[in-house]
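Before any comments, here is the structure.
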Amino acid sequence: MRLLRTDTENGIRLESFDDPTRIPRYAILSHRWRDNEVLYMDIISPGPNEGERFSKLLGACAIALKNGFKYVWIDTCCIDQKSSAELSESINSMFMWYKESAVCFAYLYDVEGDDDAQSEDSAFRKSAWFTRGWTLQELIAPRTVVFLTKTWEVIGTKHALAGIIEDVTRIEYGILCGLILLGDICVAKKMSWAANRRTTKVEDRAYSLLGIFGINMTTIYGEGKNAFIRL
């Protein structure tokens, strides 16, 4: 597992931890991918790590550091996605990585700082974050999720906003607050949570659900809809 150092004064740095029993306490970022994300190769390549393209990564490091974390995990740059073996292993491990994080910061780029999440017409309720396939596990797996606006202001926690999130996602309050075990939920109910979520790649509709169902499966990009049949 690679983690990003949150103290970026001397540049952006990644550290690798091969022993799962020695992984330090870390925060984790949940976000919706956009164009021109900073990738693993951008971090390890020589050159300045600055500019608008790096703003989300630096913002995540800053909020994690402010909350006392030396490390943060971000899917865009902590996985070498050019390695099919590493990508497959990471996808199968991702639910556990979110579950074992000390806190998950959910960054909602389409929610302004003055938004009232309680409002029936709030940007929070309409955020694209709730429509992404991968964010389903990123919502359920971590014990603590803190939602942030586009300017990194705190909207509230998963527990505090559970009633609103249940309205938006149809995921039971008890699941969101850890009162009901995920293993006690039937397959059909879990499938219904993912029914209206979208992924860029067809295969990811299945791969993003591996942790939800507690299974491991080899990822084969190019298999298309057959991934869902295998799932």
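Using the Kyte-Doolittle scale, find the helices of the chain whose mean hydropathy is at least -0.5 and whose Cα atoms extend 20 Å or more along the helix's long axis, counting only whole DSSP H runs.
84-99
What's the FRET efficiency of Asp7 with Ile180 using the Cβ-Cβ distance as r and R₀ = 35 Å, to the nearest 0.05?
Computed FRET efficiency for Asp7 and Ile180: 0.35.
Step by step: find N for the stretch 26-70, compute 2.2 N^0.38 Å, then divide the Cα radius of gyration by it. What's the final number?
Dividing the Cα radius of gyration by 2.2 N^0.38 Å gives 1.21.
Once phi is turned into θ = phi - 60°, what whole-Hz ³J(HN,Hα) does the Karplus curve with 6.51, -1.76 and 1.60 give for every residue of the stretch 225-231, x standing for Gly and Pro?
After applying 6.51 cos²θ - 1.76 cosθ + 1.60, I find 5, 5, 4, 6, 5, 5, 4 Hz.
Can you compute the modelled spin-label distance between Lys189 and Tyr221, with each label point 7 Å from Cα toward Cβ, in nm?
Distance between the two pseudo-spin positions: 3.4 nm.
Kirkwood Rh and Cα-based Rg: tell me the resulting Rg over Rh for the stretch 59-148, rounded to two decimals.
1.00
Among Val145, Val72, Val168, determine the one that fluctuates most according to a GNM of the chain built with springs between C-alpha atoms less than 10 Å apart.
Comparing Val145, Val72, Val168 in a Gaussian network model of the chain, the most mobile one is Val168.
Could you order Glu153, Glu120 by accessible surface area, starting with the largest, using a probe radius of 1.4 Å?
Ranked from most to least accessible, the order is Glu120, Glu153.
Return one whole number: the accessible area per residue of the chain in Å², for a 1.4 Å probe.
Using a 1.4 Å probe on heavy atoms only, each residue of the chain averages 51 Å².
Take the stretch 99-214, drop everything but the C-alpha atoms, weight them equally and run the Debye formula without solvent; then report log10 I(q)/I(0) at 0.14, 0.17 Å⁻¹ to two decimals.
Calculated log10 I(q)/I(0) at the listed q: -0.56, -0.84.
Expressed as a whole percentage, what fraction of the accessible surface of the stretch 33-165 belongs to carbon and sulfur atoms when a 1.4 Å probe is rolled over the protein heavy atoms?
With neighbouring chains kept in place, the figure for the stretch 33-165 is 49 percent.
Hey, which of these cross-link pairs are over 27 Å Cα-Cα: Lys126/Lys190; Lys150/Lys201; Lys66/Lys150; Lys158/Lys190; Lys70/Lys201?
Violating the 27 Å limit, Cα to Cα: Lys70/Lys201.
Taking every pair of distinct Cα atoms and averaging 1/r, then inverting, what Kirkwood hydrodynamic radius in Å comes out for the stretch 144-190?
The answer is 11.7 Å.
For a distance above 22 Å, tell me the whole-number percent of Cα pairs in the stretch 1-86 that qualify.
When all Cα pairs of the stretch 1-86 are counted, 21 percent exceed 22 Å.
Pick from Ala85, Ala141, Ala128: which residue has the top mean-square fluctuation in a GNM of the chain where Cα pairs under 10 Å get a spring?
Ala85
Please report, in debye to the nearest 20, how large the charge dipole of the stretch 17-156 is about its Cα centre when each Lys and Arg carries +1 at its beta carbon and each Asp and Glu carries -1 there.
So the dipole magnitude of the stretch 17-156 works out to roughly 340 debye.
With all distinct Cα pairs included, what does the Kirkwood hydrodynamic radius of the chain come out to in Å, to one decimal, could you say?
Kirkwood radius, the chain: 18.3 Å.
Rounded to the nearest 500, what is the chain's calculated 222 nm mean residue ellipticity when only DSSP H runs of at least 4 contribute -39500 (n - 2.57) each, over all residues?
-8500 deg cm²/dmol, from helical runs alone.
Scan around Ser30 for amide H atoms under 5 Å from its own, H built in the peptide plane at 1.01 Å from N, and keep only partners 5 or more places away or cross-chain.
Phe105, Ala106, Tyr107
Using only the alpha-carbon atoms of the stretch 152-224 as identical scatterers, what base-10 log of I(q)/I(0) does the Debye formula give at q = 0.11, 0.16, 0.27 Å⁻¹?
These q points yield log10 I(q)/I(0) values of -0.36, -0.71, -1.25.
So, how do all the Cα-to-Cα distances of the stretch 99-151 break down into 5 Å bins, in percent, from 0 on up?
Percent of pairs per bin, in order: 4, 21, 27, 24, 18, 6, 1.
The values are calculated or read from the model by the stated rules, or taken from the named source; none is laboratory data. Since we're looking at a predicted model, the values are computed, not measured. With ideal geometry, Cβ positions are generated from the backbone for all residues, glycine too; neighbour counts draw on all protein chains shown. Ligands, DNA and RNA are stripped out before the accessible areas are found, and what is left, the full protein with its side chains, is counted by its heavy atoms. Shrake-Rupley method; radii C 1.70, N 1.55, O 1.52, S 1.80 Å.
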